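Rule-based calculations on the coordinates, nothing more; no lab input. What you see is a predicted model; the values in this text were computed from it and never measured. Please note: Cβ atoms are built from the backbone with ideal geometry, for glycine as well, and neighbour counts cover all protein chains shown.
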């Protein structure tokens, strides 16, 4: 029997003779976390989905990481530290309520991120700021009502953003998202749950009135509009007046909302 040191050297020598693809498969499977399945096809994929997992594995060598449909309600502060080669991360179908800005800080090559079918109420500013390679983001089927623009800075290269099946509050703080929808065509299907004046409409159908350069929430206007047009007025030039046409009603807005005239 060879001494332990020689045995280790022999093993390393044998490994060095293996084809690169076979060596990668061996490394992927060898470090596979308990209760997970690991496969090496084009990339090392760690499949921990539907395993009843309530805590994160301590180590995982992979480029595709499936943690979906488990019982994860929170993640460690630096959950994915060091996984700079990760391409796809699936955290869908868990019980997460918040997205921390520390979780994804090392995932500079991540291209696809699933956070759908959780119970998300909020996303911390800067949560996605280091995801410079991100192409697709799934945030659908959560409990999100608002989404500050600062959450997405400086992500400008998303190709697909999924936000449907959230109880969106379509107020002025989402005006940026409507403009983003119109300018980049990368997101659609954002149904409004509130305020009541726009409930049931898609965000793309909501008109945000600007009074003296300030956005006015639909709830303050008490007006649902599907399209808008500005009509010249000969009234006092010191008063900001405009007409909004909804197809069924006209509203005369004076400062905030003064008068509603039925067509």
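According to the square roots a ≥ b ≥ c of the eigenvalues of the Cα gyration tensor, what is the shape class of the range 102-145, taking rounded for a/c under 1.5, prolate for a/b larger than b/c otherwise, and oblate for the remainder?
Because a/c hits 1.5 or more and a/b fails to exceed b/c, the range 102-145 counts as oblate.
Could you order the peptides 176-183, 134-141 from most to least packed, using the average number of other C-beta atoms within 10 Å per residue?
The densest-packed peptide leads the list: 134-141, 176-183.
Determine one quarter of the surface area of the Cα convex hull of the range 36-142, which equals its mean projected area, and express it in nm² to one decimal.
Working: hull surface 23.6 nm².
Orientation-averaged projected area of the Cα hull: 5.9 nm².
Provide the gained length on full extension for the span residue 146 to residue 101, in nm with one decimal, where the gain is 0.36 nm per separating residue minus the Cα-Cα distance.
Using 0.36 nm per residue and subtracting the Cα-Cα distance, I get 14.5 nm.
What are the equivalent ellipsoid semi-axes of the range 54-96, built from the alpha-carbon gyration tensor (square roots of five times its eigenvalues), in whole angstrom, biggest first?
Gyration-tensor ellipsoid for the range 54-96: 17, 12, 8 Å.
Across the range 66-208, how large is the tail of the calculated P(r) beyond 19 Å, expressed as a percent of all Cα pairs?
So the pairs more than 19 Å apart make up 50 percent of the total in the range 66-208.
Could you order the peptides 107-113, 82-88 from most to least packed, using the average number of other C-beta atoms within 10 Å per residue?
107-113, 82-88
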